[in-house]
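Where a number appears in this text, it was derived from the coordinates with a stated rule and is not lab data. Treat the numbers as computed from the prediction; the structure is a model and nothing was measured. All Cβ positions, glycine included, derive from the backbone under ideal geometry; neighbour counts span all protein chains shown.
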Amino acid sequence: MNLDDINNSIREELKSFSKHFKNEMRSRIGIVDTVARYIARQKGKKIRPTLVFLSAKLIGTVNDRTYNAATLVEILHTATLVHDDVVDQSDTRRGFPSINRIWKNKVAVLMGDYFLARGLLIALEKDEYYFLKIISDAVKRMSEAELLQIQKSKTYDITEETYFKIISGKTASLIGTCCELGAASVTEDKEHWKRLRDFGENLGMAFQIRDDMLDYIGRSSIIGKPTGIDMKEKKFTLPLIYSLRQSNRKSNRQIIRIIKNGASRKEIDYVIDFVSEKGGLDYARKKADEYARRALECIDVLPYSPAKEAITSLVTFAVERKK
């Protein structure tokens, strides 16, 4: 089952969600509305709202609160992507020119702020205070993790433990939030909330490890970055961290020098070969599979349903996809 098949299981929900999302993004301010509509036209994979809907359907029936939850996480995710492109000086996102490339950094930063504020207001307008609490916690964790990554990119001493801490905050926190929100939108059973959050956190870890692997083996990564961009941005991810641990000091100094100076295309190829030879990709694949297994164990007690089949397939998709 590919992502299209998974989405087909909630086709009507995603169709309704798209309309709901666009309506919530609207603004009476011309430039704000123009940028918001530009973003809305970009057809992403909708993995996060998909997780909200599937998590809800695992244990209940999708309702208005589920749509509010999906909109909240997608607006939050949009805000972080806009801000990330400014921080990373990215020119493209999902094959489109980034907001900062078209409207420059000041507009991009302010639009990211607008989306964050809009998400918070939606939660307040709908009296979804618990949603607001866990969304705010996710924003906090994501910001802390991003800052930690920036700090470590300057010292070039990132360990595997630090790497897992970073991706737990940057990626797993929001995926876990999606799943918990989906559950919370249809039940008051806190055991289900925790079970789905744990599922999402583990899925998020597997998801990000695979994305980092694709920086070495794919033409573009899961979130739309060109191959090798992590090296150009001086980011140390699991395949490289493990490979450096398996190498000698002389080779490590050379690799670190390349990344420190901003790798060229030829140097990126050299680092890719180094990581492959040292077993970095195999190790990362093993870790991604471990987190995927933990995710599935979290929902193993739930009865079979089309939603469970779809969300199980999504886990497989996250760790096996090639782009």
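Put simply, the Cα atoms of the range 82-149 extend 37, 28, 21 Å along their principal axes, the longest span coming first. Placing R0 at 41 angstrom, the Cβ-Cβ distance between residue 129 and residue 8 gives a FRET efficiency of 0.75 after rounding to 0.05. Under the shape rule built on the C-alpha gyration tensor, where the axes satisfy a ≥ b ≥ c, the chain is oblate, since a/c reaches at least 1.5 while a/b does not exceed b/c. Compared with the dominant Cα axis of the chain, that is its longest principal axis, helix 173-184 is turned about 20°.
For helix 47-59, report the angle its Cα long axis makes with the longest principal axis of the Cα atoms of the chain; keep it between 0 and 90° and round to the nearest 10°. The helix 47-59 is inclined about 50 degrees to the chain. Averaged over residues, the count of other Cβ atoms within 10 Å places the peptides 200-208, 304-312, 176-184, 89-97 in the sequence 176-184, 200-208, 304-312, 89-97, highest first.
So what's the angle, to the nearest 10 degrees on a 0 to 90 scale, between helix 129-155 and the longest Cα principal axis of the chain? Helix 129-155 and the main axis of the chain meet at about 10 degrees. Relative contact order for the range 3-320: 20 percent, from Cα pairs under 8 Å spaced at least 6 residues apart, divided by residue count.
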